[in-house]
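Visitor: Handing you this structure, nothing more for now.
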Amino acid sequence: MGTSESRYPFCAVVVLAGGLGTRLRSVTGDTPKPLVKILGRPFLDYLLDHLRQMGFSNFFVTASYRSDLLRIAVKQYSEKLDISIDVIDEKVAAGTYGAVSQAEQVIPGEFHTFLVINGDSLVDADYGQVVQALAGRDGVIGGVEVADCGRFGQIEADSDGRVCRFAEKVGGGAGTINAGIYALRRSAIRAVELDTPASMEMDFLPKAVGMLNIGLHSLGQASFIDIGTPESFAAAREFSLIRGNGQR
């Protein structure tokens with residue numbers, strides 16, 4: 001699965017691709033969000049390209065809604081590049097945390113670190129920085145600095161960089177928002193027990209912050225895109241990691 005060129009041979013990249021994508025149905029129909037084509041290529045292709053360029057090589061894609069389509073797309077990508085990508089079907093639709101928990105149970109034990117990312121978003125930054133920041137911690141949240149965090153909610157950390165609070169979408173002003181990039185030790189995933197369906201952002205992280213040492217690593221003012229709405233999907237073709245890499 002891994003290669004000798006991998007910078008992170010013991011890190012499993014878990015791409016969460018099981019969501020229903022109801023807000024984007026007017027554009028996607030029954031196509032899973034990560035497979036929606038932008039400039040001729042599925043969004044998932046751009047995400048996997050970015051991860052491979054950063055030195056990641058061990059990929060696990062969680063699937064639920066239209067897993068048949070997801071398997072076909074992953075097979076086409078992996079065969080084209082002669083790499084191995086595992087698709088993990090959710091036993092039941094369990095939310096983003098549930099998908100991670102189920103994936104942890106089947107991912108080989110050699111992988112003690114997990115990079116968990118959303119399959120419908122891209123950040124123009126080195127995700128490896130978040131994994132490297134895991135030293136001495138149970139988990140790390142990758143954050144992005146924005147001028148106005150009011151519409152996103154804000155992550156607050158203490159002087160040691162340990163997350164201490166999640167502020168909801170109130171007020172405004174500059175701050176750090178959750179970029180949807182998480183480095184987690186396998187032990188941290190096992191330590192937090194939740195009934196499913198459960199969300200990474202709403203359920204797992206608040207509980208983990210109270211139990212474990214969860215750090216915040218800023219990726220600076222990195223640009224990012226989330227294709228969760230028709231408006232952001234339309235803007236994606238101009239995003240730095242997509243523009244120029246599509247099939248015209």
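The values are calculated or read from the model by the stated rules, or taken from the named source; none is laboratory data. Bear in mind the structure is a predicted one, so any value in this text is a computation, not a measurement. Glycine also receives a Cβ, built like all others from the backbone with ideal geometry; neighbour counts cover every protein chain displayed. The accessibility values were calculated without ligands, DNA or RNA, using every heavy atom of the protein model including side chains. Shrake-Rupley method; radii C 1.70, N 1.55, O 1.52, S 1.80 Å.
Visitor: Looking at the stretch 70-82 only, could you name the residues that are touching a residue at least 12 places away in the same chain (Cβ under 8 Å) and open to solvent by less than 50 Å² (accessible area, probe 1.4 Å)?
Guide: Within the stretch 70-82, L70, A73, V74, Y77 qualify.
Visitor: When the residues of the stretch 165-197 are filtered to those that are closer than 21 Å to A93 by Cβ and of a type in the set (V, I, T), which remaining residue is most open to solvent (accessible area, probe 1.4 Å)?
Guide: T196
Visitor: Does the stretch 224-234 contain at least one residue that is among the small types (G, A, S), without any contact (Cβ under 8 Å) to a residue 24 or more places away in the chain, surrounded by 15 or more Cβ atoms within 10 Å (Cβ to Cβ) and not in a strand (DSSP E or B)? Step through it out loud before you land on a result.
Guide: Of the residues in the stretch 224-234, the ones among the small types (G, A, S) are 228, 232, 234.
Pick out the ones that are also without any contact (Cβ under 8 Å) to a residue 24 or more places away in the chain and you get 232, 234.
Filter once more, so that each one left must be surrounded by 15 or more Cβ atoms within 10 Å (Cβ to Cβ): 232.
Subset that is not in a strand (DSSP E or B): 232.
Yes, the conditions are met somewhere in the stretch 224-234.
Visitor: Of everything in the stretch 94-124, what is part of a loop (DSSP other than H, G, I, E, B) and open to solvent by 20 Å² or more (accessible area, probe 1.4 Å)? Give them in sequence order. Don't jump to the end; show me each part of the working.
Guide: Initial filter on the stretch 94-124 (part of a loop (DSSP other than H, G, I, E, B)): 94, 107-112, 119-120, 124.
P108, G109, E110, H112, D120, D124, listed by residue number.
Visitor: Can you name the condition, by its number, that V36 falls short on among (1) open to solvent by 40 Å² or more (accessible area, probe 1.4 Å); (2) at pLDDT below 95?
Guide: Every listed condition holds for V36 apart from (1).
Visitor: Looking at the stretch 128-153, which of the residues that are modelled with pLDDT of 90 or more and open to solvent by 50 Å² or more (accessible area, probe 1.4 Å) is farthest from I225 (Cα to Cα)? So that I can check it myself, show each step before the final result.
Guide: Within the stretch 128-153, the first condition is being modelled with pLDDT of 90 or more, and the residues that meet it are 128-147.
Now restrict to residues that are open to solvent by 50 Å² or more (accessible area, probe 1.4 Å): 129, 132, 135-136, 145, 147.
Values: Q129: 19, Q132: 23, A135: 28, G136: 30, E145: 14, A147: 16 Å.
Restricting to residues being modelled with pLDDT of 90 or more and open to solvent by 50 Å² or more (accessible area, probe 1.4 Å), the top hit is G136.
Visitor: Turning to a different aspect of this structure: Regarding I72, is this residue hydrophobic (A, V, I, L, M, F, W, C) and part of a helix (DSSP H, G or I)? Even if it seems obvious, please write down each step before you answer.
Guide: Values: hydrophobic (A, V, I, L, M, F, W, C): yes; part of a helix (DSSP H, G or I): yes.
So I72 passes the test.
Visitor: What tally of residues in the stretch 165-188 results from selecting those that are assigned to a strand (DSSP E or B) and either under 28 Å from Y8 (Cα atoms) or touching a Gly at 6+ places or on another chain (Cβ under 7 Å) (or both)? Don't jump to the end; show me each part of the working.
Guide: Of all residues in the stretch 165-188, those assigned to a strand (DSSP E or B) come to 165-167, 175-185.
After this cut, where a residue has to be either under 28 Å from Y8 (Cα atoms) or touching a Gly at 6+ places or on another chain (Cβ under 7 Å) (or both) as well, the list is 166-167, 176-185.
Counting residues in the stretch 165-188 that are assigned to a strand (DSSP E or B) and either under 28 Å from Y8 (Cα atoms) or touching a Gly at 6+ places or on another chain (Cβ under 7 Å) (or both) gives 12.
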